[in-house]
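Bear in mind that the values in this text are calculations on the coordinates, not laboratory data. Given the structure is predicted, the values throughout are model-derived calculations rather than measurements. Methodologically, a virtual Cβ is constructed for each residue, glycine included, from the backbone with ideal geometry; neighbour enumeration extends over all protein chains shown.
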Amino acid sequence: MTWFEYQRPQSLGEASDLLRKDDSVALAGGTDLLVALRHRAVRPALVVDLKSVSDIAEEIEVEGDRLRIGGRVVMSRLTRNQHVGRHFPALAQAAAVVGSVQIRNRATLAGNLCNASPAADTAPALLAYGATVIASRPDTTRSIPVEEFFTGPGTTVLERGEIVTAVELPIPPTTIGSAFARVTRRRGVDLASVSLACILDPSGRARFGFGAVGPTPLLAESTFDELATDEGWSRLLAVTSPITDVRAGAEYRRAMLHVHSRRAFQAASEQLRAAT
Amino acid sequence: MSPTESAITLTVNGSRRTVRVSPSTTLLEMVRTRLELTGSKECCAEGECGACTMILDGEPVNSCLVLAVETDGSEVTTIEGIGGAGMTPLQESFLTAGAIQCGFCIPGMVVAATALLERIPRPTESEVREGLSGNLCRCGGYSRISAAVMAVAGGNAAT
């Protein structure tokens, strides 16, 4: 690893000031950052540890019709949380397959988003559920819909000094159907070759989040009527642009995307029928 | 420019230790080279293999992905902190099940399995396999490792 300085600020203002400096990076769980530091993919002068910042919550709380997941919440906590399990099962399923037990005990949901991998495991579910990212600086806070958060592989709309303090999800007012699917080369500790989440509501709308099939995680919307036809499926998947890399070929990705999207739609439809 | 070292104090295997470390030192490096506890192994050094697994504030983590400075005030258990003078029933079970071949992954396996059994005292075999999926054994001893854990967990897997 290269040499860097380390700071562990207590307040959001202090953290934000430190992160406004050139060559500073934020440290949350460190499961992506430490790998990047070791490979010298990033060479920061300063690492700003966010774990003691009191304004970044470690809790998952219901606030009215929204679920607020604090910026320091780790994956294993998400998988064990009753509100997440009850209202957002596809997110719980996604969090449960991130890395390994050891990784999930450190990796945060906010960090998974900020790392902005096209294959970010939790992104498809957050997209499909209509989540928003809460990004703060001492003077301002903004809510960014997840579909507007990513700008490319590893990049987001966050400005220097802006910190993700929470992720919020609207609690579905009615029963919905949901499914999560993920294709990997092996069962544990692998990045997704294709991942997706599918959310269906009783009014006939379908929302899909796709991972690892484009430069960023992607959102696509459709309707049950549209998805009764092959053309409807083609239109839905037109947003994706799979490439060939070490994990899978573009053709394979495209084929798996088609198969698993249809299966997820089927599973979510059955869930919705059973519940209504 | 020389690295700015800072002093951190943490509890390792029940004893309070104060160590001066540079910011780029990982928890694993500090434990192995400064505290001279070499049971935890460095293998992939990027969170894939689990050979460096330690219990940090109650949860198993990859110590190669934690900076030593992050652990100021924390409680850490390494393989040396498991079992005291003798071996734990789990460690005995690894021996009787023939789960140990070259042995390199075993400290990480034992720490991860100890943490697993603390959270789920009577796991199913699939919970054991899932719970240890972050620990790689290149000898391929997975069946016996899982049998060793099941045996001590009161499971009925044959050894």
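Seen against the Cα atoms of chain B and their longest principal axis, helix B:106-119 is set at about 80 degrees. When shorter helices are ignored and each DSSP H run of at least 4 residues is given -39500 (n - 2.57), the per-residue value for chain A at 222 nm works out to -8500 deg cm²/dmol. Compared with the rule-of-thumb size 2.2 N^0.38 Å for a compact globular protein, the range A:92-139 has a Cα radius of gyration ratio of 1.23.
If you take the Cα atoms of chain A, find Rg, then find the Kirkwood Rh from the mean of 1/r over all pairs, what is Rg/Rh?
0.97
What the Cα convex hull of chain B gives, in volume per residue, is 103 Å³. Projecting the Cα atoms of A:THR156, A:VAL73, A:GLY13 onto the charge dipole of chain A (Cβ charges, centred on the Cα centre) puts A:VAL73 farthest toward the positive pole. Charge tally around B:LEU56: other residues with Cβ under 10 Å, Lys/Arg +1 each, Asp/Glu -1 each, net -3. Exposure proxy shown here: for A:VAL62, A:VAL42, A:VAL246, A:VAL73, the number of other Cβ atoms within 10 Å sets the order, fewest to most, as A:VAL246, A:VAL62, A:VAL42, A:VAL73. Normalised by the number of residues in chain A, the mean separation of alpha-carbon contacts (under 8 Å, six or more apart) gives a relative contact order of 16 percent.
Amide H to amide H distances under 5 Å link A:ALA57 with A:GLY71, A:ARG72, where only residues 5 or more positions off or on other chains count and H is placed in the peptide plane.
Under the criterion of Cα pairs below 8 Å and six or more residues apart, the relative contact order for the range A:5-49 equals 57 percent. Computed per residue of chain B from DSSP H runs no shorter than four, each worth -39500 (n - 2.57), the mean residue ellipticity at 222 nm is -7500 deg cm²/dmol. The separation of the range A:1-67 from the range B:38-116, counted between C-alpha centres, amounts to 26 Å.
Could you size up the charge dipole of the protein assembly as shown around its Cα centre, putting +1 on the beta carbon of Lys and Arg and -1 on that of Asp and Glu, and report it in debye to the nearest 20? Write out the running numbers ahead of the final one.
Working: 42 positive and 47 negative charges, 187 e Å.
So the magnitude is around 900 debye.
Taking only Cα atoms and a 10 Å spring cutoff, compute GNM fluctuations for chain A and point out the largest among A:ARG40, A:ARG207, A:ARG254. Greatest mean-square fluctuation among the candidates belongs to A:ARG40. Whole-Hz Karplus values for the range A:204-209 come out as x, 9, 10, 10, 10, x Hz, taken residue by residue from phi with 6.51 cos²θ - 1.76 cosθ + 1.60 and θ = phi - 60°; glycine and proline positions read x.
Treating only the Cβ of Lys, Arg, Asp and Glu as charged (+1, +1, -1, -1), what charge dipole size does the range A:37-77 show about its Cα centre? Round to the nearest 20 debye.
Working: 8 positive and 7 negative charges, 102 e Å.
Around 500 debye, computed over the range A:37-77.
One Cα centroid belongs to the range A:133-205, the other to the range A:69-92; the line between them spans 13 Å.
Averaged over its residues, how many other protein chain Cβ atoms are within 10 Å of peptide B:18-27's Cβ atoms?
Values: counts 0, 0, 0, 1, 5, 9, 10, 1, 5, 0.
Mean shielding count: 3.
Can you tell me the dipole magnitude for the range B:6-80 around its Cα centre, using point charges on the Cβ only (Lys, Arg +1; Asp, Glu -1), in Debye to the nearest 20? Please list the in-between numbers first.
On the way: 6 positive and 11 negative charges, 68 e Å.
Using Cβ point charges on Lys, Arg, Asp and Glu, the range B:6-80 gives about 320 debye.
Relative to one another, the C-alpha centroids of the range A:249-276 and the range B:123-149 are positioned 31 Å apart. Relative to the compact-globule estimate of 2.2 N^0.38 Å, the Cα radius of gyration of the range B:6-80 comes out at 0.96.
Length gain on complete extension for the stretch B:ASP57 to B:ALA85, per 0.36 nm per residue less the alpha carbon to alpha carbon distance? Once the chain is fully extended between B:ASP57 and B:ALA85, it gains 7.8 nm. With neighbours defined as other Cβ atoms within 10 Å of a residue's Cβ, the residues A:VAL239, B:VAL69 order from fewest to most as A:VAL239, B:VAL69.
Ellipsoid semi-axes for the range B:41-118, based on the Cα gyration tensor and the rule √(5λ), read 22, 15, 9 Å when sorted largest first.
For A:ALA131, nonlocal amide neighbours, meaning residues 5 or more places apart or on other chains whose placed amide H falls under 5 Å from its own, are A:VAL146. Beta bridges from DSSP with both residues in the range A:1-157: antiparallel share about 65 percent, rounded to the nearest 5. Each 10 Å bin from zero up to the one holding the largest Cα-Cα distance in the range A:60-170 carries the following percent of pairs: 15, 52, 29, 3.
Ordering A:SER52, A:THR31, B:ALA45 by Cα displacement along the dipole of the protein assembly as shown toward the positive end leaves B:ALA45 in first place; charges were set at the Cβ atoms of Lys, Arg (+1) and Asp, Glu (-1). Taking θ as phi - 60° and the Karplus parameters 6.51, -1.76 and 1.60, the scalar couplings of the range B:47-62 work out to x, 9, 10, x, 5, 9, 4, 10, 9, 10, 6, x, 10, x, 9, 7 Hz in sequence order, x denoting glycine and proline.
With the simple spin-label model, which puts each label point 7 Å out from Cα in the Cβ direction, the A:ILE243 to A:ALA228 separation comes to 3.9 nm.
Shown in residue order for the range A:160-175 are the 3J(HN,Hα) couplings computed by the Karplus curve 6.51 cos²θ - 1.76 cosθ + 1.60 at θ = phi - 60°: 4, x, 8, 10, 6, 9, 6, 10, 10, 10, x, 6, x, x, 10, 5 Hz (x for Gly and Pro). Computed over chain B, relative contact order equals 23 percent, with contacts defined as Cα pairs under 8 Å that lie 6+ residues apart.
With K and R counted +1 and D and E -1, the other residues having a Cβ less than 11 Å from that of A:SER269 yield a net charge of +2. Based on Cα atoms of the range B:89-152, Rg over Rh with Rh as the Kirkwood radius reads 0.90. Between the listed residues B:CYS105, B:LEU65, B:SER126, the Cα displaced farthest toward the positive end of the dipole of chain B, a dipole computed from Cβ unit charges relative to the Cα centre, is found at B:CYS105. Put in line by how crowded their Cβ is, counting other Cβ atoms within 10 Å and starting with the fewest, A:ASP121, B:ASP57, A:ASP201 read B:ASP57, A:ASP201, A:ASP121.
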